[in-house]
Number of protein chains: 4
Amino acid sequence: MYNLLKGKKGIIFGALDENSIAWKTAERAHEEGAQFVLTNAPIAMRMGAINELAEKTNSQIVPADATSMEDLDNLVEKSMEILGGKLDFVLHSIGMSVNVRKGKHYTESNYDFTTKGWDVSAVSFHKVMNVLYKRDAMNEWGSIVALTYMAAQRVFPDYNDMADNKAYLESIARSFGYFFGVDKKVRVNTISQSPTPTTAGQGVKGFGGFLAYADKMSPLGNATALECANYTISMFSDLTKMVTLQNLFHDGGFSNMGVSQSVMDYFVEQE
Amino acid sequence: MYNLLKGKKGIIFGALDENSIAWKTAERAHEEGAQFVLTNAPIAMRMGAINELAEKTNSQIVPADATSMEDLDNLVEKSMEILGGKLDFVLHSIGMSVNVRKGKHYTESNYDFTTKGWDVSAVSFHKVMNVLYKRDAMNEWGSIVALTYMAAQRVFPDYNDMADNKAYLESIARSFGYFFGVDKKVRVNTISQSPTPTTAGQGVKGFGGFLAYADKMSPLGNATALECANYTISMFSDLTKMVTLQNLFHDGGFSNMGVSQSVMDYFVEQE
Amino acid sequence: MYNLLKGKKGIIFGALDENSIAWKTAERAHEEGAQFVLTNAPIAMRMGAINELAEKTNSQIVPADATSMEDLDNLVEKSMEILGGKLDFVLHSIGMSVNVRKGKHYTESNYDFTTKGWDVSAVSFHKVMNVLYKRDAMNEWGSIVALTYMAAQRVFPDYNDMADNKAYLESIARSFGYFFGVDKKVRVNTISQSPTPTTAGQGVKGFGGFLAYADKMSPLGNATALECANYTISMFSDLTKMVTLQNLFHDGGFSNMGVSQSVMDYFVEQE
Amino acid sequence: MYNLLKGKKGIIFGALDENSIAWKTAERAHEEGAQFVLTNAPIAMRMGAINELAEKTNSQIVPADATSMEDLDNLVEKSMEILGGKLDFVLHSIGMSVNVRKGKHYTESNYDFTTKGWDVSAVSFHKVMNVLYKRDAMNEWGSIVALTYMAAQRVFPDYNDMADNKAYLESIARSFGYFFGVDKKVRVNTISQSPTPTTAGQGVKGFGGFLAYADKMSPLGNATALECANYTISMFSDLTKMVTLQNLFHDGGFSNMGVSQSVMDYFVEQE
C-alpha cells in the first residue's frame, strides 16, 4: 500500500487460483496502483477462478496460449488497447512438465513430452518477449520477470525435466535481457522462489516432505506466495531500475546453505 | 516517496560526502519516512560534510571507529536511546585498502597494510553484527546490508587486496546471516554495485577508463549512487523480507555479460 | 603418452575434421591406450574426413543421428560388440543452431529452427545417456563428458540460441548425472572451453575479433583444441573419479576475469 | 603410476600424518616421478610423522612457518638448491581456526583468534606466492594448488570463521593467479574437497554426523584423501595447463545437489 506502481501498466500470466504466486502478485499490484491485463491458457482458465480475480482487481482477461505467437500477438495488442498505452511490467509464471504429469522417470523421458514441456515452460518466455520487442510494447525502464526454481542450478531429483526447462528459461532471461536492455532500456530478471504449495506445486511427488526439508534448511524458512508477490512488486517498481539479467533467489536463504543445524539434527542422531 | 520505511529505525555507516552511496541512502531513507543515526570514523568525519546531511535528514551523529568493539558498542547503545527502540535496518558502507593508498602492487603487499585494510573493510562488518546480535538490537524482519563489489568473484587487477576483502565481507554476510536469520529473523545481504565515482572510488588508478569499460559492457549502463540508494531502500523495506544470505548485483547487468557489442566493437576493428 | 586410458573403451561423438576438439581427443585417447568407436551424423560424415581418423586410431565408425533413439541404440549395441564389453568413457561434442546458420537474429527466432537446434545440441545428450543407462552400457567409474561454452552463464550476443541450448545441456549433465552417479557410479561433467577456431566455430559472425578479445582477457590466453583434448583425457582417467555434476572451465582463466589489463588498455586511451 | 610428473619439482605444504591429503599427494607425486621438498610448521612437525614420509618418498624436509616471509623465503631458496632448479608445482594445504579450537561461537569471535586463523589459513597462500613470484621460482606452465572447502560459498554453521578464511583464500587464488598467469604462465587453482576425516577435520564438532550427511547427499559419496591426491596430481600434470583461477569441486557431486533421495528419505517419513 505504498503506491509503488501508481500509473504503471502490465500483463500478468499464470494466475490459476488463489494459491498462485501470479494471483497474489495481481492482488498486490492492484493495491500498489497498477492496472493490468490477466492472461492464461484457455484450458487453464476453464479450470480457474480468474474471473473473480479480474473483478477484484478491476482487470480484464485476454486468454492466450503462451506457445502461440498468434495468441501472444493478440494479447499484447489488446492489452495496449485496454490499458491505453505501452507496458511497464510483465510477469511470466508458466510451467508444466508432461513427463512429470504422466509419471515418466527422468531417465526414461518421452521426448514428445519433453518438447511440449520445454515449449510451454521455457520457450513461451522467449515468445512473449519476441512479441513485446517487435511491437515496441514496453516503456523505457519497464520490468519483465519470470518465476523460476533453483533446480536450474542444483539437483532436486523429483523435479524431472522442469530443472532443464528452468535452466533454459533463465538463459533466455539473460540472452533476451541483453537486447531488451541495450535497445529498449528494459530490464529482465528471474525470481527463484522457495518451493511453494501452489496447486501446481502440490502435484509433485513427496512434496510435503520436501517442503519440510526446505523449510528446515532455510534460515528464515520457506517464502510464501504472498511474500514472493511482494518481492515481485519491488522488482516492478522504480527502486530496482538497474537490476537486470539476474536470477534472484527469494527463498529464506536456502540457496546459500550447505547445511543447517535443523537438518543436521537428523543426522547427528545417527552417529 | 512511498513511505516505504515509515516508522523504521536504523544506522547508516559511511556517509562521507554527497557522492557517497551511504549519503544518498540516508537522503532516500529520510524521504521514505525512516529515522536513523549517522556514523563514521572520527577521522573521516573531520574531512566530511556529515553535519549537513544530519541536519537535512533530521538525524544525529554518533562517531565510531568500526574496528573498535568499544566504539561500536557505544554506537548501538546510543542509537537505541536516540531512536527510542530497536533497529530495523543497518547499512555498512566501509572500505579502504592501505596497499592501494600507498601504491603497493598486489604481488608485493605489505602485510601490515593488508591486515589493516581487512580489518576496516571486512572484519568491521562482523564486529557490527556481533554487537547488534549480542545486544539483541534488531527487530524481527530487520535488514542488514553491506555494499560490496564484483571483484569478490572476478579479477579486476587494479582492485588489489580490496577484492579479497570483499570476498571475506560477503562470506561474513552468509556466515553471520545464518545465525541472525535462525535466531532473530533478521536478513543479511550484500549489494554488489557498479563502479561508482564516489570520492573513494575516484582514487583508484585508471578509474575513468574503467568506468567507460563497465558502462559499455552493461546493457543498462553503470548504476549511479542514487540508483543504488533506491535499491538499498527496497532491501530495507518489507517487500524483501525473505531475501537473505544473498549477494545482489546492482550493476546494469554487467555481472552476467561475457561481452557486449559495444565492447566487441573495439576488437572487431582488429580483424 | 602416459597410458592413462589403457584398457578403457569409449565412444567419441563429433569428430568432423582435424580442427575438431573431438578429433584431437580421439588422437590423444588412442595415444593413451584407449579403444573407441567414432560416430557422427551420416550427413556430417559425408563432409568429414573421419575415415582418416579411424584408420589412424585403429577405430571403427558407426554413423548415428544423435537425435534418433533408434540410431543411438544401434550405436551403443554395436560399440559394445566391437569393443567387446561395456564402456568407460563417452564424449559428446555436438552443437548446431539453425537460427545462426540462417542468420536469424536472437530476438526474431524461428521456433522450428530453435527446436531443431535444441534437439541436436542439447536433448541429444539426454538421449545418449538414456540409451547408455537403459542398456547398462557403462562400467562403474566411467566418465561421460559433453563440451559446452560459457554463453550458458553469461551473455555473448552473437552466440544466439546456442547460449540457451548450452544452459539446457549443462542442466542435463546435472540432472542425469545424479541418477548415473547414484545408480551406476558413473560421473557426468561438461567442459566449458575457450572459443576455438574449429570449422564450426569459424562460421560465427565476427569470430576473429571475438577470439582476439577472449585471448586478451584470459591470463593464459585461449585454450587450443589439443589442450582441450588433454583436459578431456584427464577427465576420462582414473585421476578424477569423484568429480561429477560439474561444469569445468578450460579457458585460460577467462571465466573468472572482470577485466584484464590488456583489455583495459583499449579503454584507458579513451580517458 | 603413469609417470605423469616425471622430471617435475615441487613443494608440498601440510603433510601432518598419513590421514593428510598432503601426505597422500606426496606419496602419489613420488609414484608419478616427481621430486619435491616437504614442509610444515616447526610445531606441526614435532607432532607429525613427516620423517617417515620423507624417507618413503626420497624427499628432504625444510621447516617453515607459512606466516613468516623469512621462513618462506628460506624455504623456496633451499628447495631450489635441493631440487636443482625452478619449481613446477606447489601444494598449499594449511588451515586452522583458533576460534574453533578454543570453542568460540561464530557470533562471539575473539578477533585476535580471527586474525591469527586468517593469517595462517589464507594470507599464508599470498605470502607463498609472493615469494615464488619475487624469486621467479616457478617454471612456465607450473601449477599452484590450494585446498579449500565449500563453506567459502555456502553456510556450514560449525565451520565457523574457516568459511570466511576459505573465501579469502579462494579470492587470493584468483587475484594472484591473474598476475602469475600473465607474467609467468603459471596456473593457480583451488580444490574444494569433500569433508575428509583427516586428523584436523576430525576435531570439528559433530563431524561424524556431518560426514554421513555429505555422503548421503553426494551421488558418488564423499571423496577420500587418496582420491583428492589423485585429482591434485592431474592438476599438477601437463594435461590441465589451461585451467586457472578456478575453484574445482572434488566432492562426489555434493556442490550441485539441492537434495538427494537419500537425504529426502529422512524427511518423507515426517509427512
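The values are calculated or read from the model by the stated rules, or taken from the named source; none is laboratory data. Note that this is a predicted model, so its numbers are computed, not measured. Cβ coordinates were reconstructed from backbone atoms using ideal geometry, including for glycine residues, and neighbour counts include every protein chain displayed. Note: accessible area is taken over every heavy atom of the protein model, side chains too, but ligands, DNA and RNA are not part of it. Shrake-Rupley method; radii C 1.70, N 1.55, O 1.52, S 1.80 Å.
Observations on the model:
- Greater than 23 Å apart at Cα, pairs in B:9/D:104; C:166/D:216; B:78/B:184; B:102/D:86; A:56/B:9; A:116/A:166: B:9/D:104; C:166/D:216; B:102/D:86; A:56/B:9
- For chain A, the Cα-based Rg and Dmax, in that order, read 18.3, 66 Å.
- Per-residue [θ]222 nm for chain D (sum of -39500 (n - 2.57) over DSSP H runs n ≥ 4, rounded to 500): -13000 deg cm²/dmol
- Here segment C:218-271 and segment A:92-147 have alpha carbon centers that stand 32 Å from each other.
- Short to long, the 5 Å bins of the Cα pair-distance histogram for segment A:1-140 hold 2, 10, 19, 21, 19, 13, 7, 4, 3, 1 percent of all pairs.
- At the listed q of 0.12, 0.24 Å⁻¹, the Debye profile of segment C:21-78, built from one uniform point per Cα, gives log10 I(q)/I(0) equal to -0.28, -0.99.
- Under the Karplus curve 6.51 cos²θ - 1.76 cosθ + 1.60, θ = phi - 60°, whole-Hz ³J(HN,Hα) for segment D:96-102, x wherever Gly or Pro sits: 6, 10, 5, 4, 5, 4, 8
- Long-range HN-HN contacts of residue C:155 with modeled amide H, under 5 Å: B:257, B:258, B:259
- Residues whose placed amide H lies under 5 Å from that of residue D:148, excluding near-sequence neighbours: D:191, D:192, D:193
- Exam field: residue A:268 pseudo-label spacings to other copies (7 Å along Cα-Cβ), nanometres: 2.6, 5.4, 6.0
- For residue D:87, the amide hydrogen comes within under 5 Å of the amide hydrogens of D:138, D:139, counting only partners 5 or more places away or on other chains and with H modelled in the peptide plane.
- Residue-by-residue Karplus 3J(HN,Hα) for segment A:250-258, coefficients 6.51, -1.76, 1.60, Hz, glycine and proline x: 10, 8, x, x, 3, 4, 10, 8, x
- Nearest-10 value in Å² for the accessible area of residue D:80, using the 1.4 Å probe: 50
- Probe 1.4 Å, protein heavy atoms only - accessible area per residue of chain D in square angstrom: 33
- Sorted shortest first, the distances from the residue C:136 label point to those of the same residue in the other copies are 6.1, 6.1, 6.4 nm; each point sits 7 Å from Cα along Cα-to-Cβ.
- Sorted shortest first, the distances from the residue C:110 label point to those of the same residue in the other copies are 3.0, 6.6, 7.2 nm; each point sits 7 Å from Cα along Cα-to-Cβ.
- Relative to the globular-protein estimate of 2.2 N^0.38 Å, the Cα radius of gyration of the protein assembly as shown stands at 0.90.
- Take the accessible area of C alone and of D alone, subtract that of the pair with a 1.4 Å probe, and the total buried over both chains is about 3400 Å².
- Contact order relative to length of chain D, as percent, for alpha carbon pairs under 8 angstrom and 6 or more apart: 18
- Among the protein heavy atoms of chain B, carbon and sulfur supply 46% of the accessible surface, probe 1.4 Å, non-protein parts ignored.
- Largest GNM mean-square fluctuation across A:220, A:72, A:53, computed for chain A with C-alpha springs under 10 Å, falls on A:220.
- Placing dummy labels 7 Å off each Cα toward the beta-carbon, the span from residue D:135 to residue C:47 is 5.4 nm.
- Counting only heavy atoms of the protein chains and using a 1.4 Å probe, residue B:211 has close to 40 Å² of accessible surface.
- In segment C:242-260, the residues whose accessible area drops by at least 50 square angstrom when the other protein chains are added to the isolated chain are C:242, C:245, C:246, C:256, C:258, C:259; the probe is 1.4 Å and only protein heavy atoms count.
- For q = 0.12, 0.23 Å⁻¹, Debye-computed log10 I/I(0) when each Cα of segment D:81-182 counts as one equal scatterer: -0.45, -1.15
- Under Karplus coefficients 6.51, -1.76 and 1.60, residue-wise ³J(HN,Hα) of segment B:147-153 in Hz, glycine/proline x: 8, 9, 9, 5, 4, 5, 9
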